[in-house]
Amino acid sequence: MATIKDIAEKAGVSPATVSRVLNYDPGLSVTDKTKKRIFEVAENLNYQHKKKSSRSTQKIAILTWYNEQEELDDIYYLSIRLGAENKIHEAGFEPQQIGLQQQNLPTSPDFAGMIAIGKFSQNQIKRIKATGLPTTFVDFNTLNYGFDSVTTNFHYPVLQIIDHFQKVGIDDIGILAGQEVTSDQQLRLTDLRYQTFRNILRDRKLLNPDFILKGSFSVESGHQMMTKAIQELGEQLPHAFFAANDALAIGALHALKENHIAVPERVSIIGFNDSTVAKYFSPQLSSVKVDTELMGQKSVELLLDRLDSQRTVPVNLNIGTELVLRESSK
């Protein structure tokens, strides 16, 4: 793992600035450009670069459903994008990031194909299909639309988290859940992590509606939800929370610290994604490792296979996960 000093030297900032950015310090005043550079350096220092091929001068588009601020709030998609970009470079193509809000999407012959990262409505998928470019989606199963896709497993890791909490004697378990909608506001998305959590706890007769907290997938939302839960639940605050992503977990940990609630002695928290910041945060965050860089890499490999083989049958590649226990949980 790269050190704070390694990241600081590469990003051209002080180690203190790196530490505060990776800890999502709300009192830190730096530009989004600096934050983005630090996050990208931290991700890339943990990526094993391979020799670049001289395969082509064509471009591969990376289509994103989120804006730059959302990418900084939750670096899950940033990590996927960097994994894809590095693989595209290795294959000898040139990556070009494009926002879905752009009026004209990329087309042939300038572009050989496209990687679409995020969630998309039916109308957005129609726009993508109309480009005629071979496209692989990441984090969105598009088998039914005829596109290749790379996704991750959600059911098993949530089951693992609940089993772990119960194994250490915790039955009062809450969730910090996020809600998403496609960028055109046409499709409200159901989070399978939340759905799985509810189903398992209901079946075990452990589900308490007061312990279900919903917001957006951001540090700020995690902080707000946990602060409200502390105020409203008092001594009834659950002894464990599953956070549907690391940003929510980090925001919640800030709130617990501000209210002098001991972690993990009084409240255990396990996040999801195991983003780079999980290792640098204090206390180090327990989290489900989703190999986001691998997701980005595999999406490019599927695209290249489609280009080389002229394969017409869509493929969905589902990536496994790993529960990584650190300081934020018993």
Charge dipole (debye, nearest 20) of segment 154-291; +1 at Cβ of Lys and Arg, -1 at Cβ of Asp and Glu: 200
Base-10 log of normalised Debye intensity for segment 198-259 (one unit scatterer per alpha-carbon) at q = 0.14, 0.18, 0.21, 0.28 Å⁻¹: -0.38, -0.62, -0.82, -1.22
Cα-based equivalent ellipsoid, segment 154-291: semi-axes from gyration tensor eigenvalues, Å: 20, 18, 16
Ellipsoid semi-axes in whole angstrom, largest first, where each is sqrt(5λ) of the Cα gyration tensor of segment 261-330: 37, 11, 6
Pairwise label distance in nanometres, Glu235 with Thr34, each label 7 Å out on the Cα-Cβ vector: 4.6
Amide H within-cut-off set for Ile62, under 5 Å, with H built and near neighbours excluded: Gln96, Gln97, Ile98, Ile115
Two-decimal log10 I(q)/I(0) for segment 210-313, as the Debye equation yields it once each C-alpha is a single scatterer, q = 0.12, 0.22 Å⁻¹: -0.47, -1.09
Of Lys59/Lys87; Lys214/Lys279; Lys10/Lys33; Lys228/Lys279, those spanning more than 21 Å from alpha-carbon to alpha-carbon: Lys214/Lys279; Lys228/Lys279
Segment Asn259-Lys167, length gained on full extension (0.36 nm per residue, minus Cα span): 30.4 nm
Cβ-based exposure ranking for Thr276, Thr17, Thr190, in which fewest neighbours within 10 Å come first: Thr190, Thr17, Thr276
HN-Hα J in Hz across segment 196-201 - Karplus 6.51, -1.76, 1.60, θ = phi - 60°, x for Gly and Pro: 5, 4, 4, 4, 5, 5
For segment 229-321, share of DSSP beta bridges that run antiparallel, in % to the nearest 5: 10
Using alpha-carbon coordinates, inclination of helix 292-309 to the longest axis of the chain, degrees: 20
Percent RCO, i.e. relative contact order, over the chain, from Cα pairs under 8 Å lying at least 6 residues apart: 19
Cα extents of segment 4-45 along the three principal axes, largest first (Å): 26, 17, 15
Rounded if a/c under 1.5, otherwise prolate or oblate - segment 1-132, Cα gyration tensor axes: oblate
Considering only the chain, percent of DSSP beta bridges that pair antiparallel, nearest 5: 15
Globularity ratio of the chain, using Cα Rg and 2.2 N^0.38 Å: 1.02
Value of [θ]222 nm, deg cm²/dmol, for the chain, DSSP H segments ≥ 4, -39500 (n - 2.57) each, nearest 500: -12500 deg cm²/dmol
Net charge of neighbours whose Cβ lies under 13 Å from the Cβ of Leu325, counting Lys and Arg as +1 and Asp and Glu as -1: +1
Difference of contour (0.36 nm per residue) and Cα-Cα distance, Arg127 to Gln69: 18.5 nm
Cross-link reach list, lysines versus Lys167, counting only Cα pairs under 21 Å and skipping chain neighbours closer than eight places: Lys205, Lys289, Lys330
Distance between modelled label sites at Glu301 and Glu220, nm, 7 Å Cα→Cβ extension: 3.8
Cα→Cβ-extended label distance, 7 Å offset, between Asn144 and Val315, nm: 2.3
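Only the coordinates and a few stated rules stand behind these numbers; no lab work does. These numbers were taken from a predicted model, which means no experiment stands behind them. Neighbour counts run over all protein chains shown; Cβ positions are idealised from the backbone, glycine included.
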